[in-house]
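> Okay, here's the structure, questions in a sec.
The values are calculated or read from the model by the stated rules, or taken from the named source; none is laboratory data. If you're wondering where the values come from, they're calculated on a predicted model, not measured in any experiment. All Cβ positions, glycine included, derive from the backbone under ideal geometry; neighbour counts span all protein chains shown. The protein model used for the area step is the full one, side chains on, heavy atoms only, and it has no ligands, DNA or RNA in it. Shrake-Rupley method; radii C 1.70, N 1.55, O 1.52, S 1.80 Å.
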Amino acid sequence: MRTFLAAGLGLLALAAASAPLHAQTTDPAAAKARLDAMLDKEMPGLIATYQDLHAHPELAMQEVRTAAILAARLKKLGYTVTEKVGGTGVVAVLRNGDGPTVLVRADMDALPMAEKTGLPFSSKAPNAMHACGHDVHVTWLIAVAQGLVTLKDQWQGTVVLMGQPAEEALGGAKAMLDDGLLTRFPRPDYGLAAHVSNLPTGSVFIKEGASSSASDSYAITFHGRGAHGSMPSESIDPVVMGARFVTDVQTVISREREAGTFGVLTVGAFQAGTVPNIIPDEALVKVNLRSNDESTRNLLKDGMTRTAKAVAAMSRAGEPTIAYMGGTGAVINEAALARSTSALLKPLLGPGVVYIPASVPPMSGSEDWSEVVNAGVPSLYLGIGGYDPKVIAGLKAVGKPVPVNHSPLFAPDAEGAIRTATQAIVLSIVGGVRPAPKP
């Protein structure tokens, strides 16, 4: 996942006006004090777990070791644990009397890249790194699980914890849904997810409405006719078709998209040929589309398809092959959950809790938590600050940027992020936040 809305830093004064959707049954401040005492005691072990996960990253659908660690820790806490859900996914259930069912997710996969942080617990895998912070997420899911057990006398209902594979590949949530996440286990009344960022620790960003963008990737193969490089007239050159497509397709953004509407069309790969003097018979172009609403999503897809077919026709070639590589929709945060969570957490966690109204555009990154939302689970996706403010200030003082998610230098303040995320998630559940009643 990607850096959460930096625009939230300018909205520190905003807070939701609505109160939690039901009467409090506990003292939130007392619950926080007990939770903080638990975190103080358990933090050394949690940091050891985080560092172990960081040193042993696993790519999408290969999270066998990570899943086993998570499952073992949750079983020890008394959860009923099911492994291998949707491949390498973990589902853990804790029943605590009558009440709502809440789903809490942490993603587990790493990225295929080399680490350059220089940390003493850097990745031992040459081609994998937790550059997005999912190692932090798994660790705070363990802390959330323990916090809910510690405060078991302060809440009622059922908690379903979800260790999800393959978020980076945008396929893990769907795989778990297809394997019965909402049918084999208690169906949640609402869901909570969170993501670490490079913003200051202690921050919790609560965005109403669209929280992330839809992402769709396509592979377009232009079919030509190969020939000797000295005889271009004997060819139908797919390289020319691909090059023309790369240029012309941007007019979908500049001339067809509404000027105030978010939309991105990126050509991320262009593969054709082997040597200078051979005109190949095929060229492969890979395209990524990002949007915040279905109308723009369809416009980008239609414009891309139309342009690809047009440039092939201009070269008197056959129609290109257009294959959908995968993607996911936008994450939509349920308004009542966003407002009630903000109202509950701000007095407990202070000015770091930032409520962002629906009118503010979401981040341009994408996240397959949207699959759970689109499956009918009202949800809230939180942004969690993950960099020590002193580190941020030090980097800015020497003119260096704060490393973002997916950077080989990404090295969050794990302790600060784990503490803040655990507080936000556990206190939301204990405090009784709710989505809007169903009509």
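> Quick one: if you stick a label point 7 Å off each Cα along the C-beta vector at ILE322 and THR261, how many nm between them?
The two pseudo-label positions are separated by 1.7 nm.
> So, one more: Report, to the nearest whole %, how much of the accessible area of the chain belongs to carbon and sulfur atoms, 1.4 Å probe, protein only.
Roughly 56 percent, rounded to a whole number.
> Next question. Could you sort ASP179, ASP98, ASP135 by their accessible area in this structure, using a 1.4 Å probe and putting the largest first?
Sorted descending by solvent-accessible area, the residues read ASP98, ASP179, ASP135.
> Here's a follow-up. List, in order, the whole-Hz ³J(HN,Hα) value for each residue of region 150-161 obtained from phi through the Karplus relation with A = 6.51, B = -1.76, C = 1.60 and θ = phi - 60°; use x for Gly and Pro.
After applying 6.51 cos²θ - 1.76 cosθ + 1.60, I find 4, 9, 4, 7, 10, 8, 9, x, 10, 10, 10, 9 Hz.
> Moving to a separate point now. Where the only charges are on Cβ atoms (+1 Lys, Arg; -1 Asp, Glu), what is the dipole of region 301-439 about its Cα centre, to the nearest 20 debye? Don't skip to the end; give the middle numbers.
Details: 12 positive and 9 negative charges, 64 e Å.
The calculation lands at about 300 debye.
> With unit charges on the beta carbons (Lys and Arg positive, Asp and Glu negative) and the dipole taken about the Cα centre of the chain, which residue among MET231, HIS56, GLY350 sits farthest to the positive side?
Of the listed residues, the answer is GLY350.
> For LYS84, which aspartates and glutamates qualify as cross-link partners when the Cα separation must be under 12 Å and same-chain residues fewer than eight apart are set aside?
In chain and number order, the partners are GLU63, ASP179.
> On C-alpha positions alone, give me the angle between the axis of helix 335-349 and the longest principal axis of the chain, in degrees, nearest 10.
50
> Lysines within cross-link reach of LYS286: Cα-Cα under 26 Å, excluding same-chain residues under 8 positions apart?
Within reach: LYS174, LYS301, LYS309.
> With +1 on each Lys and Arg Cβ and -1 on each Asp and Glu Cβ, how big is the dipole of region 248-337 about its Cα centre, in debye rounded to the nearest 20?
Details: 9 positive and 10 negative charges, 32 e Å.
That gives region 248-337 a dipole magnitude of about 160 debye.
> How would you rank 390-402, 327-339, highest first, on the average number of other Cβ atoms within 10 Å across their residues?
327-339, 390-402
> Now a separate question. For the chain, build the charge dipole from Cβ charges (+1 Lys, Arg; -1 Asp, Glu) around the Cα centre, then report which of VAL159, VAL433, SER379 sits farthest towards its positive end.
VAL433
> Let me ask something else about it. Please list the non-local residues whose amide H lies under 5 Å from the amide H of THR158, H modeled 1.01 Å from N, same-chain partners needing a gap of 5 or more.
Close amide H contacts, sequence-distant or interchain: ASN96, THR101, VAL102.
> Out of these labelled values of Cα Rg over 2.2 N^0.38 Å, (i) 1.13; (ii) 1.06; (iii) 0.95, which was calculated from the coordinates shown here?
The listed entry that was calculated here is (ii).
> Then there is this: Could you work out how much longer the chain between ASN298 and GLN156 gets when fully extended? Use 0.36 nm per residue separation minus the Cα distance between them, nm to one decimal. Intermediate values should be presented prior to the final figure.
Details: separation 142, 0.36 × 142 = 51.12 nm, distance 4.30 nm.
Answer, rounded to one decimal: 46.8 nm.
> Separation of region 121-188 and region 56-93 by C-alpha centroid, Å?
Cα centroid of region 121-188 versus Cα centroid of region 56-93: 8 Å apart.
> Which value, in Å² rounded to 10, gives the accessible area of LYS286 with a 1.4 Å probe and all protein chains present?
70
> For a 26 Å ceiling on Cα separation, which of these pairs sit above it: LYS152/LYS346; LYS32/LYS207; LYS41/LYS116?
LYS41/LYS116
> Quick one: net charge around PRO186, please, counting Lys, Arg +1 and Asp, Glu -1 for every other residue with C-beta under 15 Å from its C-beta.
+2
> How charged is the neighbourhood of THR266? Take every other residue with its Cβ under 13 Å from the Cβ of THR266, and add Lys/Arg as +1 and Asp/Glu as -1.
Charge balance near THR266 sits at +1.
> For the chain, give me the percentage of DSSP beta bridges that are antiparallel, rounded to the nearest 5 percent.
70
> All other residues with a Cβ under 14 Å from the Cβ of TRP155 taken together, and with Lys, Arg as +1 and Asp, Glu as -1, what is their net charge?
Values: positive: LYS32, ARG34, ARG95, LYS152, ARG434; negative: ASP27, ASP98, ASP153, ASP189.
It works out to a net charge of +1.
> In nm, give the distance between the simple-model label positions of ALA310 and ALA37, each being 7 Å from the Cα along the Cα-to-Cβ direction.
Distance between the two pseudo-spin positions: 6.9 nm.
> Name the residue, out of LEU59, LEU119, LEU148, whose mean-square fluctuation peaks in a Gaussian network model built on the chain with Cα pairs under 10 Å.
LEU119
> Would you calculate, for the chain, the mean residue ellipticity at 222 nm contributed by helices, counting each DSSP H stretch of 4 or more residues as -39,500 (n - 2.57) and dividing by all residues, to the nearest 500?
-10500 deg cm²/dmol, from helical runs alone.
> Additional query: What does the charge dipole of the chain about its Cα centre add up to, to the nearest 20 debye, if the Cβ of each Lys and Arg holds +1 and the Cβ of each Asp and Glu holds -1?
520
> Further question: In nm, to one decimal, how far is the modelled label at VAL149 from the one at LYS286, with both set 7 Å along Cα→Cβ?
Placing both labels 7 Å beyond Cα along the Cβ direction yields 4.2 nm.
> Work out from phi, with θ = phi - 60° and the Karplus expression 6.51 cos²θ - 1.76 cosθ + 1.60, the ³J(HN,Hα) of each residue of region 54-63, listed in order in whole Hz, and give x for Gly and Pro.
My calculation for region 54-63 gives 5, 6, 10, x, 10, 6, 3, 6, 10, 7 Hz in order.
> Cut-off 12 Å, label point 7 angstrom out along Cα-to-Cβ of LYS438: give me the residues of region 170-190 whose amide nitrogen falls inside.
In region 170-190, the label zone of LYS438 (backbone N under 12 Å from the point 7 Å along Cα→Cβ) covers 187-190.
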